[in-house]
Amino acid sequence: MYLFVYGTLKQGFHNHHLLADAEFICNAASKQNYPMVNTEEYFPYLIDNEGHGYNVKGEVYRIDEAILEMLDILEGYPQHYTRREIEVVSLGIDLLAITYFLNEKIEYKDLELLESFE
């Protein structure tokens, strides 16, 4: 299965080591627009409100069930985050990949929406 990461699991960030056994596939962006906010210094949130925000940039990995279970613990799934498959695009190729969305409903209209987390 494929996983789309957009925050601290990306290369160069502090949680990336959790993907040490995963295969990096490509850099990609969400096919649909989603709002992504960073209300805390190191934790961006993707909000499941398709059609708002940007085509979020991130990375795609091939993972197995063991990695998914470990990431579910990290992300506090299903209490803090929910997850579902979305379409991502890289070099004109569409893939379905699991990603994590913030479970809490937050008001984001006054927050800066991000295209990528740097």
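The values are calculated or read from the model by the stated rules, or taken from the named source; none is laboratory data. Just so we're clear, the structure is a prediction, and the values are computed from it rather than from any experiment. Virtual Cβ from ideal backbone geometry, glycine too; neighbours counted across all protein chains shown. Accessible surface is based on the protein model in full, side chains and every heavy atom, while ligands, DNA and RNA are left aside. Shrake-Rupley method; radii C 1.70, N 1.55, O 1.52, S 1.80 Å.
Tabulated data
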{"read-out": "Gyration tensor (alpha-carbon) shape descriptor, the range 1-41, a/c threshold 1.5", "value": "oblate"}
{"read-out": "Cross-link partners of K57 among aspartates and glutamates (Cα-Cα below 16 Å; sequence separation of 8 or more within a chain)", "value": "D48, E85, E87, D94, E112, E115, E118"}
{"read-out": "Accessible area (Å², per residue) of the chain, counting only protein heavy atoms and a probe of 1.4 Å", "value": "56 Å²"}
{"read-out": "For a label point 7 Å along the Cα-to-beta-carbon line of E104, residues of the range 71-86 with backbone N under 19 Å", "value": "72-83"}
{"read-out": "Length released on extending from D72 to V89, taking residue separation times 0.36 nm less the Cα-Cα span", "value": "3.7 nm"}
{"read-out": "Projected-area mean, the chain, by convex hull of Cα positions, square nanometres", "value": "6.7 nm²"}
{"read-out": "Size of electric dipole in the chain: Cβ of Lys, Arg +1 and of Asp, Glu -1, about Cα centre, debye, nearest 20", "value": "200 debye"}
{"read-out": "Carbon and sulfur %, accessible surface of the chain computed with the full protein complex present, 1.4 Å", "value": "49 percent"}
{"read-out": "Dipole of the chain [Lys/Arg +1, Asp/Glu -1 at C-beta], most positive-end residue of L18, L113, P78", "value": "L113"}
